[in-house]
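Inspection log for the structure reproduced underneath, given as structure tokens.
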Amino acid sequence: MSTGYRALMLGVSLMGIAAMVEARETPVKVAPPKAPATAAQDAGPDARRRAEAIVARMTIDEKIKLAHGLFPPMAAGKTTDTLIPSAGHIDGIARLGVPLVRESDASLGVANQVEQRKGDVATALPSGLATAASFDPEIARAGGAMIGAEARAKRFNVLLAGGVNLTRDPWNGRNFEYLGEDPLLAGSMAGAHIAGVQSNHIVSTVKHLALNAQETGRMVVDARIGEADLRMSDLLAFQIAIERGKPGSVMCAYNKVNGDWACENKHLMTDVLKRDWGYRGWVMSDWGAVHSTAKAANAGLDQQSGQELDKAIYFGAPLKAAVADGSVSQARLDDMIVRYLTGLIETGAYDTPMPAAEAPIPYARHATVAQDAAEAGIVLLKNDRDMLPIARTAKRIVLIGGRADVGVLSGGGSSQVRSVGGAPIEIPLTSGAAMSFARYTYHASSPLRAITAAMLGAVVTFVDGKDTEAAARAARDADMAIVFATQWTTEAQDVPTLSLPDNQDALIAAVAKAQPRTVAVLETGGPVLMPWIDAVPAVLQAWYPGQRGGEAIANILTGRVSPSGRLPITFPAAASQAPRPAPVNLDRLTSVEAQAAANPANAAAIQLESFPVDYVEGADVGYRWYEKQRQRPLFAFGHGLSFTSFAYRNPVVTGGRRLSVTFDVVNTGRRAGADVPQIYVAQAAADGAGTAGAGTATPMRLAGFTRLTLKPGESRRVTLTAEPRVVAQYDTALPGWRIAGGRYRVALAHDAADRSQLLTTTLEPMTMKP
């Protein structure tokens, strides 16, 4: 989300500125996991009818009371209920049984960004990209269930968690929170996470609707894209997440979309979300994202969040006046509150009281959830000469850089968790848009200690890497060198470059020159450039690996766990390969935002100018852009190596009404391991282009995937069925989805660039509702 002290920064510095596969011989159909429904969800329309009956008994003032929420750090004296320092607070209505709502940021754990709750810790998951890299919705669901359990124990019943914004630019400061560049993967993983959260009878949101694709200038950027392209990319990710997770609430974004603020965008909130998708819950604003009363309410915004961070309490007295004068109808106000209550009822939050005091939390058990996610999401990018796992003959191992002696890096912003074990490094920012709510923070999970414990009999030492020559000497004297490189990213500001900061590229190059047995471990918020890649035989992408990251990295490096992560995002070979070869307006906006942060008293006079960003790639986000432009990235979407090997044999493709591929997955190596087979689909050109060996201008799209674990020599027959909306095109004239009849190309692949097994089939024409 976008709250916590990150939102406090916005309020101060910018106020006033505008499938599971079973072991059997017969084919196994791989379907998306379905969240267990609560009794209220099973009731369907009954939840809304119940909400309508409650609202019918309310006074106008009680309805208005529920239409806007407090931001606790700035809301002292505005409620008689206990304010827990957190993201949001909405009083209940005792006479009607409407519960008090307390909201927390919780993308990666129950957040406590700058320790507004002194001493309060929580379990910290690895970054969203790490979870997405598992390609396993069950991993996402387990993480959500863990976070939801801790949130309920801490007396929160609405979590601002479920980010599904697609990665369009590799330098977006918030990429680490999200789930990559593909709508099927991101939507599937987000839906599973949301379902996990809500299994605790609390609300999870899905956010940020829509096209919140950059952080610098996010309060003013106008995202421009065509209707069909938007439906086939970012909105498809939201649609899948909502279908599979059934979140109680949706959060609209800061930015504009095609000229209208996202929280005033009738097309997004009413036409698409509520009409086309039949969404029954409520739309809450992001914190500081409301600009009006009547326009926002009539467009479909149901609740103003963190009211102190907006220029006015738009959904307070002004909303009551708007209902009185008819500019907002009584029916619209009633619908706003009915939707709020429906979201609470359907998730079980309405009828499941919060504990009167904090309940005990099984932190040790929850830590294994974080470690499992990290181990499943770490990606082995390169492993020449089988450099990994570390051989037992390596008796002298030197770890270099990245503060690997004390912990692992985490990303900054509203998702920041103060993890169990503490923060061995926590450095406040002195400049930039994020300085009031983000800190440069490590989790206390030391790779040095974990590797030392795993490599009994070896001498494992650490060199900080600040002196490149000293690091090279230490590497030369060892049997193996492991360089830990870091890139810190944060909400509210984009990174200026994809190069590693602080001269780390030179450090890696110098170490690799001195020691041919060098491994690079990357703790980054997303893709980085690797000018040293040819000289380094093994590279591990560890992302921000969470509070058990050191142990997870050690288990992968030493072979206790076979790597199985796959990239949920393309790693470019050069920044120029991206649709926009540099961050949009970064220099100008960074300067203006810094002025506002440094001069809060004059912030309202420091104006950020709205500017458009035209998403020229349209629906061809990420790997689709690379294929369309015939560009070869450094590492493709879906790429990831293992300590074993897998083959796909005997594929049979079926067409007609539904496209599917049945095939054998065989572990051809000598170790057990997990694999992620993928299918990519595109319509074949009428002239024969696009058949095996031919090029095409139509990029293929990920249409199905699964994750399965096999023993050495084990074979399993698998069926992957394509998501029909990925096969289709969105037709604005219908409106809806249209699968054109004819031939389709299907790639059974290890990653988005793999075309070693191309198949064709014929599909019947079909249309689907929007």
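Condition (residue is within 26 Å of M219 (Cβ to Cβ) and either basic (K, R) or more than 20 Å from the chain's Cα centre (by Cα) (or both)) applied to the stretch 386-404: is it met by at least one residue?
So far as the stretch 386-404 goes, no, none of its residues is within 26 Å of M219 (Cβ to Cβ) and either basic (K, R) or more than 20 Å from the chain's Cα centre (by Cα) (or both).
Of all the residues that make up the stretch 739-770, how many are of a type in the set (K, R) and surrounded by fewer than 16 Cβ atoms within 10 Å (Cβ to Cβ)?
Going through the stretch 739-770 one residue at a time, the tally reaches 2.
Just checking, how many residues over the stretch 612-639 are surrounded by fewer than 23 Cβ atoms within 10 Å (Cβ to Cβ) and at positive phi?
Result for the stretch 612-639: 2.
Which of (1) crowded, with 24+ Cβ neighbours inside 10 Å; (2) under 27 Å from P72 (Cβ atoms); (3) among the aliphatic types (A, V, I, L, M) does A321 not meet, given it meets every other one?
All conditions pass for A321, except number (1).
Filter the stretch 525-551 for residues that are under 20 Å from the mean Cα position of the chain (by Cα) and part of a helix (DSSP H, G or I) and give the result.
Scanning the stretch 525-551 gives a single hit, G549.
Would you check if L179 is over 29 Å from P677 (Cα atoms) and of a type outside the set (G, A, S)?
Values: over 29 Å from P677 (Cα atoms): no; of a type outside the set (G, A, S): yes.
It is false that L179 is over 29 Å from P677 (Cα atoms) and of a type outside the set (G, A, S).
Among the residues that make up the stretch 664-671, is at least one of them in a loop (DSSP other than H, G, I, E, B), at pLDDT 95 or above and among the small types (G, A, S)?
Scanning the stretch 664-671 turns up at least one residue that is in a loop (DSSP other than H, G, I, E, B), at pLDDT 95 or above and among the small types (G, A, S).
Test T368 against the stated conditions and say whether it is among the β-branched types (V, I, T) and not assigned by TED's automatic domain parsing to the domain that holds F315.
Yes: the conditions hold for T368.
Evaluate the stretch 135-144: report whether one residue or more is crowded, with 24+ Cβ neighbours inside 10 Å, aromatic (F, W, Y), in a helix (DSSP H, G or I) and under 13 Å from the mean Cα position of the chain (by Cα).
There is no residue in the stretch 135-144 that is crowded, with 24+ Cβ neighbours inside 10 Å, aromatic (F, W, Y), in a helix (DSSP H, G or I) and under 13 Å from the mean Cα position of the chain (by Cα).
Being touching a Lys or Arg at 6+ places or on another chain (Cβ under 9 Å), outside any loop (DSSP other than H, G, I, E, B) and of a type in the set (S, T, N, Q) narrows it down to one residue among Q214, Q239; which is it?
Q239
Got a number for residues in the stretch 108-134 being buried (at least 23 other Cβ atoms within 10 Å of the Cβ), of a type outside the set (S, T, Y) and part of a loop (DSSP other than H, G, I, E, B)? Break it down stepwise before answering.
Of all residues in the stretch 108-134, those buried (at least 23 other Cβ atoms within 10 Å of the Cβ) come to 108-113, 122-134.
With the extra rule that they be of a type outside the set (S, T, Y), the set shrinks to 108-113, 122, 124-126, 128-130, 132-133.
When the remaining residues are screened for being part of a loop (DSSP other than H, G, I, E, B), the result is 108-113, 124-126.
Matching residues across the stretch 108-134 total 9.
Please go through the stretch 145-166 and give me each residue that is among the β-branched types (V, I, T) and either within 18 Å of A367 (Cβ to Cβ) or surrounded by fewer than 24 Cβ atoms within 10 Å (Cβ to Cβ) (or both), ordered by number.
Answer for the stretch 145-166, where residues must be among the β-branched types (V, I, T) and either within 18 Å of A367 (Cβ to Cβ) or surrounded by fewer than 24 Cβ atoms within 10 Å (Cβ to Cβ) (or both): just I147.
Check off (1) hydrophobic (A, V, I, L, M, F, W, C); (2) surrounded by fewer than 22 Cβ atoms within 10 Å (Cβ to Cβ); (3) modelled with pLDDT of 95 or more for A481 and give me the number that stays unchecked.
It fails just one condition, (2).
The values are calculated or read from the model by the stated rules, or taken from the named source; none is laboratory data. Here the structure is a predicted model, which means the values were calculated and not measured. Neighbour counts run over all protein chains shown; Cβ positions are idealised from the backbone, glycine included.
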